[in-house]
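The values are calculated or read from the model by the stated rules, or taken from the named source; none is laboratory data. If you're wondering where the values come from, they're calculated on a predicted model, not measured in any experiment. Because the Cβ atoms are built from the backbone with ideal geometry, glycine has one as well, and the counts that use them run over all protein chains shown.
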Amino acid sequence: MASDIISLKDVTFSYKGSKRCALDGITLNVKQGECVAILGPTGAGKSTLACVMNGTAPRFMDGSLAGDVTVDGMVPAKVGTAQMASRVGLVFGDPDTQLFGMTVEEDVAFGPSNLGLGYESIMERVGKSMKDMRLSGLERRAPHRLSGGQKQATAIAGVYAMLPKIMVLDEPTSMLDPEGKARVFGIVRMLKEQLGVTVVLIEQEVDDILNLADRVFVMRRGKFVLSGAPREVFGRVEELRQAGVRVPQIVEFGTLIGAAETPFSIDEAVSAVGLPCSSTNEVESRAPSAHDGHDVHDEQDDVVVEAVDVEFTYPGGARALDGVDLAINRGDFVAIVGQNGAGKTTLTRHFNGLLRPSSGDIRVLGRSAQGVPTIELCRHVGYVFQNPDEQLFCTSVQEELKFGPTNIGADPAVTSQRVEEILSDIGLAKYREVWPKYLTKGERQRLALASVVAMDPDVLIVDEPTTGLDWVESLQILDYLEQLRDKHGKTIIIITHDMNIVSLYARRVVVMARGRVVGDGAPREIFSQPDLMELACLRRPPIADLSQALWGEVLLTPAEAAARLLAAKSQAAGVCSE
């Protein structure tokens, strides 16, 4: 039996100035070669736990650490992070905190270079890491010129190239496209099974963890509230929900249909269905969906923003947009999807003047944006950045909400009233006098969104609204966006890699690849085109694969699939009784 390579006993950690324990009596033993997944809502203590394992806490994070921590026979807090780095590779959730090379290749090579390896060995590792993380061709690109997903892939490649005995990955896939996520999980499996690397994986992608982790731990408020084998933990559906963790789609489907045994794979779900008197593919009834019958071209006479043959090349020659034509209708809820570096963020930043096309035209409310100042375009098109900290700089929440409207010359009385309404709607009223930096990541995300909503734009663009958020926070953000659309007539455009979010909220999906729009339609329509999904490096949600296997068509949510099954069983029962 393998020995413990990580051992934590009664570990407590409190940040300086905080009355709350970030870690509260954590005991954890991880065996060599094991893959352990840590789940939990934002603020549960997951990242703090990761930093304790390599000595970053408390050496570089002011706070008080108590309890016993032993990693690979060493005490991280005593030997220091530099010595632990060759044993514990830590990938942070925010790649900007660990990228500092002049080029991508230099950044990836930094770790193995510090291990004292020869040049050929270093370059062999760098080449493999970059290939596995889909970074080939970007060797000479400056990290700050990468997309968010490419930055995250670079950070992972830099640690992967060191081949440490232990890899601690703190939400490594949060900015990656679906195929990129699949590659990371494939690498984790390879590191574990072929190289015997011990992996501690902090993640929100429960559908992948289900088939990857040896053990799963769920954290809440600094403590473990659930632990065990994946089937054991994910089978406790109500407790997962109470802990703020998303239930895997196949598991949720099994719960909704009252399966005798909870299914954990598509094959198990198919076996659990067991339609009487008729095969599932012969039943024609289907449950209605909110996305059915939506024609993305119904309102072409009411276009609010439009790209006409837009091309854009960044300084240095990187061509990001290659003849994009796209019209967005008033009141639509559009998800723009595609692989990292496809041009999604570049395109949407043209809509409010943050970028200007190299050729082609951008039209806002029917008028060309050429020569129109950005401050004028911002009145009509609001933009929320992927990282909320890039647009929060005032000394209080209330000040932050007033800043934008004041700069565009809005009426102070109207602004004050709007700010009060938004504070209530977004759930930040009790923090009105709080410095934004004191808020949690989810709260800062909501504040960044609210600060743009306060300007009352016709169109709201939100770049990766769920990055770094737990499932509950993600739903809060998207519910608020849907409310803005339904009650206030706003046009919503989100850029996302989360196909679960696309299934639940998007009325229209625009697919981009290599700087072009390659697909445009309702979610069901897009998910029904495997060639398009492959071209854009997308993976549809597991429930879509299950419904395809059962009925030969794509359904979007476990609830929709369960309703379809109940209707099918009811029809089959009626046929049997005749």
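Among the residues of the range 138-190, the one identified as under 30 Å from Met74 (Cβ atoms), of a type in the set (Gly, Ala, Ser), in a loop (DSSP other than H, G, I, E, B) and at pLDDT below 90 is Ser174. Within the range 116-127, the set of residues being in a helix (DSSP H, G or I) and loosely packed, with under 14 Cβ neighbours inside 10 Å comprises Tyr119, Glu120, Ser121. Checked against (1) under 19 Å from Asn340 (Cα atoms); (2) in contact with a Gly (Cβ under 6 Å, 6 or more places away or on another chain); (3) in contact (Cβ under 8 Å) with a residue 60 or more places away in the chain, Arg539 meets all criteria but (2). Among all positions in the range 423-436, there is at least one residue which is of a type in the set (Asp, Glu), surrounded by fewer than 21 Cβ atoms within 10 Å (Cβ to Cβ) and out of contact with any His (no Cβ under 6 Å at 6 or more places or on another chain).
Given the options Val30, Val36, name the one that is closer than 27 Å to Phe234 by Cα, β-branched (Val, Ile, Thr) and buried (at least 22 other Cβ atoms within 10 Å of the Cβ). Spell out the reasoning first.
On the way: Val36 fails: buried (at least 22 other Cβ atoms within 10 Å of the Cβ).
Exactly one of Val30, Val36 is closer than 27 Å to Phe234 by Cα, β-branched (Val, Ile, Thr) and buried (at least 22 other Cβ atoms within 10 Å of the Cβ), namely Val30.
Give me the helices (runs of 4 or more DSSP H) completely within the range 1-115, filtered to those with at least 1 residues that are touching a His at 6+ places or on another chain (Cβ under 6 Å), ordered by residue number.
On the way: elements: 46-54, 56-59, 76-79, 81-84, 104-113.
Those helices (runs of 4 or more DSSP H) do not exist here; none qualify.
Here's a check for you: in the range 209-235, which residue that is in contact with a strand residue (DSSP E or B) (Cβ under 8 Å, 6 or more places away or on another chain) and small (Gly, Ala, Ser) is nearest to Ser47 (Cα to Cα)? Top of the filtered list is Gly222. Within the range 129-150, the only residue that satisfies the criterion of being of a type in the set (Lys, Arg), in contact (Cβ under 8 Å) with a residue 12 or more places away in the chain and either within 17 Å of Leu191 (Cα to Cα) or buried (at least 21 other Cβ atoms within 10 Å of the Cβ) (or both) is Arg134. Return yes or no: is Ala57 buried (at least 16 other Cβ atoms within 10 Å of the Cβ) and either acidic (Asp, Glu) or closer than 20 Å to Leu226 by Cβ (or both)? In short, no. Considering only residues in the range 462-481 that are outside any loop (DSSP other than H, G, I, E, B) and free of Cβ contacts under 8 Å to residues at least 40 places away in the same chain, the one that is surrounded by the fewest Cβ atoms within 10 Å (Cβ to Cβ) turns out to be Asp479.
Yes/no matrix, rows are residues, columns are (1) assigned to a loop (DSSP other than H, G, I, E, B); (2) at pLDDT 95 or above; (3) in contact with a Gly (Cβ under 7 Å, 6 or more places away or on another chain); (4) within 25 Å of Leu504 (Cα to Cα):
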site: Phe217; (1), (2), (3), (4): no, yes, no, no
site: Arg231; (1), (2), (3), (4): no, no, no, no
site: Gly258; (1), (2), (3), (4): yes, no, no, yes
site: Ala269; (1), (2), (3), (4): no, no, yes, yes
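Looking at Ile477, Ile526, Ile495, just one residue is hydrophobic (A, V, I, L, M, F, W, C), out of contact with any Asp or Glu (no Cβ under 7 Å at 6 or more places or on another chain) and more than 24 Å from Ser47 (Cα to Cα), and that residue is Ile526. On inspection, Gln391 passes the criterion of being of a type outside the set (Phe, Trp, Tyr), touching a Phe, Trp or Tyr at 6+ places or on another chain (Cβ under 8 Å), surrounded by fewer than 20 Cβ atoms within 10 Å (Cβ to Cβ) and under 24 Å from Arg485 (Cα atoms).
In the set (1) in contact with a Pro (Cβ under 6 Å, 6 or more places away or on another chain); (2) more than 30 Å from Pro541 (Cα to Cα), Pro436 fails one condition alone, (1).
Can you tell me which residue is surrounded by the most Cβ atoms within 10 Å (Cβ to Cβ) among those in the range 375-386 that are within 29 Å of the chain's Cα centre (by Cα) and not aromatic (Phe, Trp, Tyr)? Steps first, please.
So the first thing to find is which residues in the range 375-386 are within 29 Å of the chain's Cα centre (by Cα), and the list is 377-386.
Retained after the next criterion (residues that are not aromatic (Phe, Trp, Tyr)): 377-382, 384, 386.
On the way: Leu377: 23, Cys378: 19, Arg379: 18, His380: 21, Val381: 29, Gly382: 24, Val384: 24, Gln386: 19.
The residue in question is Val381.
Scan the range 173-231 for residues that are at positive phi and within 15 Å of the chain's Cα centre (by Cα) and the total you get is 0.
Among the listed residues Lys46, Lys78, which satisfies the condition of being of a type outside the set (Asp, Glu) and under 28 Å from the mean Cα position of the chain (by Cα)? Give the derivation first.
On the way: Lys78 fails: under 28 Å from the mean Cα position of the chain (by Cα).
Testing whether each residue is of a type outside the set (Asp, Glu) and under 28 Å from the mean Cα position of the chain (by Cα) leaves just Lys46.
If you check Asp322, Asp332, Asp411 for being surrounded by fewer than 17 Cβ atoms within 10 Å (Cβ to Cβ), under 21 Å from Ile495 (Cα atoms) and out of contact with any helix residue (DSSP H, G or I) (no Cβ under 7 Å at 6 or more places or on another chain), only one passes: Asp322.
Inside the range 62-87, residues that are aliphatic (A, V, I, L, M) and over 21 Å from Gly111 (Cβ atoms) make up a count of 5. Looking only at the range 89-123, which residues are touching a residue at least 60 places away in the same chain (Cβ under 8 Å) and either in contact with a Gly (Cβ under 8 Å, 6 or more places away or on another chain) or on the phi > 0 side of the Ramachandran plot (or both)? Those that are touching a residue at least 60 places away in the same chain (Cβ under 8 Å) and either in contact with a Gly (Cβ under 8 Å, 6 or more places away or on another chain) or on the phi > 0 side of the Ramachandran plot (or both): Gly89, Gly93, Asp94, Pro95, Gln98. For beta carbons closer than 9 Å, sequence separation of 6+ or different chains, a first residue in the range 20-37 that is within 15 Å of Leu226 (Cβ to Cβ) and touching a residue at least 24 places away in the same chain (Cβ under 8 Å) and a second that is acidic (Asp, Glu) and buried (at least 21 other Cβ atoms within 10 Å of the Cβ), the qualifying pairs are Ala37/Glu203.
For the range 223-249, a residue qualifies if it is among the charged types (D, E, K, R) and free of Cβ contacts under 8 Å to residues at least 24 places away in the same chain, and the qualifying residues are Glu232, Arg236, Glu238, Glu239, Arg241.
A Cβ distance below 7 Å, combined with a sequence gap of six or more or placement on separate chains, defines the contacts here; from the range 318-332, residues that are within 22 Å of Ala142 (Cα to Cα) reach residues that are hydrophobic (A, V, I, L, M, F, W, C) in the pairs Ala320/Phe312; Leu321/Val310; Leu321/Phe312; Leu321/Leu347.
Each row is one residue, and each column tells you yes or no for (1) polar (S, T, N, Q); (2) modelled with pLDDT under 95; (3) under 20 Å from Leu484 (Cα atoms); (4) in contact with an Asp or Glu (Cβ under 7 Å, 6 or more places away or on another chain).
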{"position": "Ala327", "(1), (2), (3), (4)": "no, no, no, yes"}
{"position": "Arg330", "(1), (2), (3), (4)": "no, no, yes, yes"}
{"position": "Ile336", "(1), (2), (3), (4)": "no, no, yes, no"}
{"position": "Lys344", "(1), (2), (3), (4)": "no, no, no, no"}
{"position": "Leu355", "(1), (2), (3), (4)": "no, no, no, no"}
{"position": "Cys378", "(1), (2), (3), (4)": "no, yes, yes, no"}
{"position": "Gln386", "(1), (2), (3), (4)": "yes, yes, yes, yes"}
{"position": "Gly404", "(1), (2), (3), (4)": "no, yes, yes, no"}
{"position": "Val419", "(1), (2), (3), (4)": "no, yes, yes, no"}
